[in-house]
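Taking it in order: structure first as structure tokens, then the write-up.
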Amino acid sequence: MAGTRPTPADQAREAVVEAALARLDLDTKARLLAGQDMWSLPELPAIGLRSLVMSDGPIGVRGVRWTADDPSIALPSPTALAATWDPALARRAGRLLAQEARRKGVHVLLAPTVNLHRSPLGGRHFEAYSEDPYLTGRIGTGYVTGVQEGGVGTTVKHFVANDAETDRFTVNNTVSPRALRELYLAPFEAIVENAHPWGIMTAYNSVNGSTMSEHRYLVEEVLRGEWGFDGYNVSDWMAARSTVGAIEGGLDVAMPGPVTVYGDKLAAAVRAGETTEAKVDAAVRNVLRLAARVGILEGAEPVVTDLPETVDGESLAREIARRAFVLVRNEGGALPIPAGHSVALIGAAARDARVLGGGSATVFPAHVVSPLDGLTAALPEGTLTYAVGADPSQELAAADKGFELRAICRDSEGEILGTRSAPSGHIQWMGNDLPDGVTHDRLDSVELTGTFTPRESGPHTFGIKGLGAFTLTIDGTEHFDGVQSTDLDDPFVTFFGDPVERATVDLTAGRAYAVSLRHTVDVPDDVPMRVISFTLAHQEPARDPDELIAEAVEAARAADTAIVVVATTERVESEGFDRADLRLPGRQDELVHAVAAANPHTVVVVNSGSPVELPWREEVAAVLLGWFPGQEGGAALADVLTGAHEPGGRLPTTWGPLDSAPVTRVTPTDGELPYTEDVFIGYRAWERENRTPTYPFGHGLGYTDWTYDEIDVTGTTVTVRVTNTGTRTGRETIQLYLAPTDPTPDRPTRWLAGFATVEAAPGESVHTTVDLPSRAFEVWDDQTNTWTPVKGTYEIEASHSLTDTRLRATCVF
Ligand code: BGC
């Protein structure tokens with residue numbers, strides 16, 4: 001472990017691990033390194049090892065089942081957590097996730113995601129923290145510390161440079177050693193150093209010619225050698241493609257199973273002399289150490305024996321959300337909403353909230369508080385109206401509201417093998433997670449069947465997502481009976497692909513109609529994992545878009561304050577693909593222009609996990625960035641809009657329009673994606689190009705005002721004193737940037753080197769002391785392959801945001 005000596009407890013665990021390892025033969029060891037199914041490793045009762053269970057992920061613990069009937073707490077998106085700039089809050093989030101993991105029998109979380117916001121088009125932007133490696137490392141450290149304090153392991157991912165989704169299985173990212181060290185590796189290094197994670201996940205992509213599941217240099221030499229990482233290294237799902245390449249490259253576990261490059265193939269490779277048993281032992285040792293740490297290896301005391309206090313998940317989700325909301329504009333103190341104001345709430349996402357991003361980070365919360373729910377509860381009766389305004393999700397989505405469904409599994413004779421409830425139209429059964437009584441060898445078809453009671457009359461559209469043979473029947477009429485196929489090669493295409501429209505049927509609101517989607521199962525025997533995955537998709541009758549906007553304008557005109565919630569959709573922001581642009585989908589921009597023209601007190605709430613363009617921002621009174629706010633998002637929003645709490649967020653990433661963003665490219669050419677911008681991403685790039693973004697890194701307003709009174713620098717220790725000059729208690733995030741007084745073109749103009757959050761009552765002065773890390777004064781020297789201090793004079797800026805510098809001092813390093 002980096003920089004620290006093993007404790008007696010570590011040594012005792014290590015002894016148990018060695019003894020267990022010595023009792024295993026080659027075949028058993030090789031088997032232990034291969035997933036036995038989607039989420040777990042095999043148990044080995046002979047050495048007292050229980051099956052190790054892993055689960056996504058970053059904002060909640062899904063567990064081993066991918067279904068809404070096994071709910072989890074859904075916290076705000078990782079971008080939101082980073083916007084709090086509060087590692088201690090991230091740590092509390094981690095503790096909650098450990099508690100959730102224990103509840104679901106999970107030993108290791110597949111999180112956090114600490115890739116960087118290199119391009120705003122990155123599809124998984126919402127799932128990573130920031131464009132800044134230091135902020136990412138601090139938040140990630142808090143998160144990992146919290147999870148592991150709860151006795152559950154973490155798997156920091158995706159090591160490394162998985163910063164976009166396009167061709168993620170095959171892309172070769174070419175990155176200079178310096179950019180790797182100073183940007184992309186930096187958060188991993190900080191977390192290894194400060195939080196000692198028990199796991200790491202290697203990425204799908206290649207870096208400088210070697211796929212990350214086989215990257216001997218980065219895994220063995222840098223991660224384990226230089227940094228002293230002693231955890232396990234698991235492949236991203238289906239990323240490991242070569243037995244010898246992976247084991248020689250330092251990959252411990254190949255997931256998922258049961259068909260992987262390890263197991264029998266690994267034992268055979270040792271016997272053929274293509275690799276050594278010592279390599280296998282090293283990997284098994286890492287897995288057994290993890291098992292010992294989490295308490296599933298007999299004879300080893302787990303790292304955590306006294307569990308931390310129970311956390312109330314709902315209230316923590318609400319607290320993080322309000323601390324994460326970033327108020328980027330607030331003209332004339334439009335927010336908080338003045339007491340007594342009537343409010344028109346507008347937007348499809350105000351009613352059907354989008355609380356989390358798509359892909360493997362998906363969890364199923366037991367309930368969701370929408371903005372409409374939150375404001376209805378918070379405002380006096382009779383003061384709130386609601387209008388849809390514009391519906392960006394005018395696309396097929398998993399059947400949900402109004403559907404009562406269950407899944408019936410049959411064999412080839414049509415005999416029922418088993419059934420399971422289906423809370424939505426999405427079926428996703430991985431590995432052996434099948435309804436009771438059902439086995440893969442007998443399963444022939446799955447029928448999703450039940451009723452649909454529409455909330456609106458008109459033409460309803462139905463579609464199917466998934467590959468294979470389907471029959472769709474609505475109200476007794478068969479609308480589709482055929483096969484769906486694809487020419488895409490991403491193995492998760494059934495998961496990320498688009499649903500195909502198959503029927504439009506006129507239905508009457510309030511009447512229950514019979515619906516059925518039957519899927520004939522045809523999973524080949526040699527797939528790495530057996531997955532039954534398909535979706536009955538549905539879309540409400542489209543209302544006339546002009547009429548919707550006109551209705552919203554009327555509502556806005558009749559109210560004192562208009563609140564428009566705009567949002568991205570799952571087809572815009574998700575794992576599996578990158579974004580094509582940063583525009584809000586549908587006619588939402590037009591809606592805001594129209595509402596703003598009708599009501600000068602228009603407040604826009606932006607419900608997106610990552611940056612979108614805000615072309616109307618100068619026309620509205622206030623803009624609040626709400627991220628994907630998690631299951632309690634609507635309650636948190638009401639807290640902040642009504643002024644019960646201050647919005648606490650600061651931008652963890654620069655927001656600007658795509659056409660002036662300096663680094664955007666996510667699409668490889670001939671399999672290569674060169675990181676030509678080198679160490680200049682995010683604000684480092686905006687400043688180098690001398691471009692002004694819409695809102696700079698670190699920006700965010702609260703409900704009180706601050707003066708920065710004094711800065712004192714002793715060595716590299718900085719003390720800043722601030723005063724709350726407003727009328728209410730508030731929080732300020734004091735940001736410290738380092739700027740060389742003799743700038744050189746090979747370094748950014750300035751960079752974040754420290755930060756701290758303070759709280760003060762009106763009139764109160766408080767101070768904070770921050771030690772700047774020596775790494776902030778170093779660059780990676782590609783010639784000598786070392787960190788090199790850059791001596792000289794630096795200006796230390798104490799700032800409210802990157803561009804709102806309040807105090808300066810110099811320091812000589
Ligand atoms: C994602 C990982 C995730 C894994 C398991 C992959 O597609 O890239 O982040 O942990 O699936 O769900």
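Based on the Cα atoms of the chain, what semi-axes does the equivalent ellipsoid have, where each is the square root of 5 times one gyration tensor eigenvalue, given in whole Å with the largest first? It would help to have the intermediate numbers written out before the result.
On the way: eigenvalues 314, 297, 105 Å².
Those come to 40, 39, 23 Å.
Roll a 1.4 Å probe over the protein heavy atoms and report the accessible area of residue 749 in Å², nearest 10.
70 Å²
Amide H of residue 72: which non-local residues (sequence gap of 5 or more, or other chain) have their own amide H closer than 5 Å, using H built in the peptide plane?
364, 366
Report the antiparallel proportion of the DSSP beta bridges in the chain as a percent, rounded to a multiple of 5. All intermediate terms of the calculation are to be shown ahead of the outcome.
Details: 108 of 145 bridges.
If we restrict to bridges inside the chain, about 75 percent are antiparallel.
Which residue, 419, 28, 738, has the largest displacement toward the positive end of the dipole of the chain when charges sit on each Cβ (Lys, Arg +1; Asp, Glu -1)?
Going by the charge dipole, the pick is 738.
What list of ³J(HN,Hα) couplings, whole Hz, do you get for segment 704-709 from phi and the Karplus terms 6.51, -1.76, 1.60, once you set θ to phi - 60° and write x for glycine and proline?
Whole-Hz 3J(HN,Hα) from phi for segment 704-709: 9, 10, 10, 10, 9, 9.
Starting from the exponent 0.38 and prefactor 2.2 Å, build the expected Rg for segment 375-473 from its residue count and divide its actual Cα Rg by it. Mind dumping the intermediate values first?
Details: Rg = 18.6 Å, N = 99, 2.2 N^0.38 = 12.6 Å.
That ratio works out to 1.48.
Out of all Cα-Cα pairs in segment 704-812, roughly what percent, to the nearest whole number, are more than 19 Å apart?
Numbers: 2710 of 5886 pairs.
Cα-Cα pairs of segment 704-812 separated by over 19 Å account for 46 percent.
Expressed as a whole percentage, what fraction of the accessible surface of the chain belongs to carbon and sulfur atoms when a 1.4 Å probe is rolled over the protein heavy atoms?
Numbers: 13900 of 29080 Å².
Of the solvent-accessible surface of the chain, carbon and sulfur hold 48 percent.
Once the principal axes of the Cα atoms of segment 622-731 are found, what is the range along each, listed largest first in whole angstroms?
Principal extents (Cα only, largest first): 58, 45, 22 Å.
Please name which of 122, 71, 233 has its Cα lying farthest along the dipole of segment 53-256 towards the positive end, using unit charges on Cβ (Lys, Arg +1; Asp, Glu -1) and the Cα centre as origin.
Working it through, the farthest residue towards the positive pole turns out to be 71.
Leaving out ligands and nucleic acids, note down the accessible area per residue over the chain with a 1.4 angstrom probe, in whole Å². Could you put the intermediate results ahead of the total?
Numbers: 29080 Å² over 813 residues.
For the chain, the per-residue accessible area is 36 Å².
Let me know the volume per residue of the alpha-carbon convex hull for segment 53-256, in Å³. Intermediate results must be reported in sequence, preceding the final value.
Working: hull volume 21.7 nm³, N = 204.
It comes to 106 Å³ per residue, whole-number rounded.
Pop a pseudo-label 7 angstrom from the Cα along the beta-carbon direction at both residue 481 and residue 498 and give the gap in nm to one decimal.
2.8 nm
Beta carbons within 10 angstrom, averaged per residue: use that to sort the peptides 100-106, 136-142, 430-436, highest first. List each step's numbers first, then the result.
Working: 100-106: 19.1, 136-142: 27.4, 430-436: 17.1.
Per-residue mean Cβ counts within 10 Å order the peptides as 136-142, 100-106, 430-436.
List, in order, the whole-Hz ³J(HN,Hα) value for each residue of segment 178-184 obtained from phi through the Karplus relation with A = 6.51, B = -1.76, C = 1.60 and θ = phi - 60°; use x for Gly and Pro.
5, 5, 4, 5, 7, 10, 6
With only Lys, Arg, Asp and Glu charged, each at its Cβ (+1 for the first two, -1 for the last two), find how big the charge dipole of segment 53-256 is about the Cα centre; round to the nearest 20 debye. Working shown, then result.
Numbers: 18 positive and 23 negative charges, 90 e Å.
The calculation lands at about 440 debye.
How big is the antiparallel share of DSSP beta bridges in segment 53-256, given as a percent to the nearest 5? It would help to have the intermediate numbers written out before the result.
Values: 2 of 16 bridges.
Beta bridges within segment 53-256, antiparallel portion: roughly 10 percent.
Suppose only helical runs count, i.e. DSSP H with n ≥ 4. What mean residue ellipticity at 222 nm does that imply for the chain under -39500 (n - 2.57) per run, divided by all residues and rounded to the nearest 500 deg cm²/dmol? Numbers along the way, then the final one.
Numbers: 17 runs with 173 residues, N = 813.
So the calculated ellipticity at 222 nm is -6500 deg cm²/dmol.
For segment 115-166, taking Cα atoms only, what is the radius of gyration to one decimal and the Dmax to the nearest whole Å?
12.0, 36
Can you tell me which of 279-286, 459-466, 296-303 comes out highest on packing, and rank the rest after it, using the mean Cβ neighbours within 10 Å?
Details: 279-286: 20.2, 459-466: 21.8, 296-303: 18.5.
Taking the mean over residues of other Cβ atoms within 10 Å, the ranking is 459-466, 279-286, 296-303.
Using alpha-carbon pairs under 8 Å, 6+ residues apart, how would you state the relative contact order of segment 397-539 in percent?
Result for segment 397-539 is 34 percent.
Label-point separation (nm) for residue 560 and residue 547, each offset 7 Å from Cα along Cα-to-Cβ?
Between residue 560 and residue 547, the label points sit 3.3 nm apart.
Nearest 0.05, what FRET efficiency do residue 400 and residue 669 give at R0 = 45 Å with Cβ-Cβ as r? Walk me through the numbers on the way to the answer.
Details: r = 40 Å, r/R0 = 0.89.
In this case the efficiency is close to 0.65.
Enumerate the amide H contacts of residue 710 below 5 Å, restricted to partners 5 or more residues apart or on another chain; note that Pro and chain-start residues carry no placed amide H.
Residues meeting the criterion, in which the H sits 1.01 Å from N, are 721.
To the nearest 20 debye, what charge dipole does segment 704-812 have about its Cα centre, counting +1 at the Cβ of each Lys and Arg and -1 at the Cβ of each Asp and Glu? Provide the component values of the computation, followed by the final result.
Numbers: 9 positive and 16 negative charges, 19 e Å.
That gives segment 704-812 a dipole magnitude of about 100 debye.
Which one, 187, 201, 169, is farthest towards the positive end of the dipole of segment 151-242 when Lys and Arg carry +1 and Asp and Glu -1 on their Cβ?
169
Work the Kirkwood hydrodynamic radius out for segment 397-539: mean of 1/r over every pair of different alpha-carbon atoms, inverted, in Å. Display every interim value, and only then the final one.
On the way: mean 1/r = 0.0646 Å⁻¹.
Evaluated on segment 397-539, it is 15.5 Å.
Set the Förster distance to 22 Å, then compute FRET efficiency between residue 709 and residue 787 from the Cβ-Cβ distance, nearest 0.05. Working shown, then result.
Working: r = 35 Å, r/R0 = 1.59.
Efficiency computed from Cβ-Cβ geometry: 0.05.
What are the ³J(HN,Hα) values, in whole Hz, obtained from phi via the Karplus relation 6.51 cos²θ - 1.76 cosθ + 1.60 with θ = phi - 60°, for each residue of segment 609-614 in sequence order, with x given for Gly and Pro?
x, 8, x, 10, 7, 10
Taking segment 573-676 as the region of interest, what is the percent of Cα-Cα pairs per 5 angstrom bin, listed from the shortest bin to the one with the maximum distance?
P(r) for segment 573-676, in whole percents per bin: 2, 10, 17, 19, 20, 14, 8, 5, 3, 2, 0.
So if I place +1 on the C-beta of Lys and Arg and -1 on the C-beta of Asp and Glu, and nothing else carries charge, what would the dipole magnitude of the chain be about its Cα centre? I want it in debye, nearest 20.
On the way: 68 positive and 113 negative charges, 282 e Å.
Charge dipole, the chain, about its Cα centre: 1360 debye, nearest 20.
Where does the Debye-calculated log10 I(q)/I(0) of segment 304-430 sit at q = 0.15, 0.18, 0.21 Å⁻¹, using only Cα point scatterers of equal weight, no solvent?
Log-scaled intensity ratios, in q order: -1.02, -1.26, -1.46.
The values are calculated or read from the model by the stated rules, or taken from the named source; none is laboratory data. Keep in mind that this is a model prediction, so the values were computed, not measured. Reconstructed Cβ throughout: ideal geometry from the backbone, glycine too, with neighbour counts over all protein chains shown. Heavy atoms of the whole protein, side chains included, go into the accessibility calculation; ligands, DNA and RNA do not. Shrake-Rupley method; radii C 1.70, N 1.55, O 1.52, S 1.80 Å.
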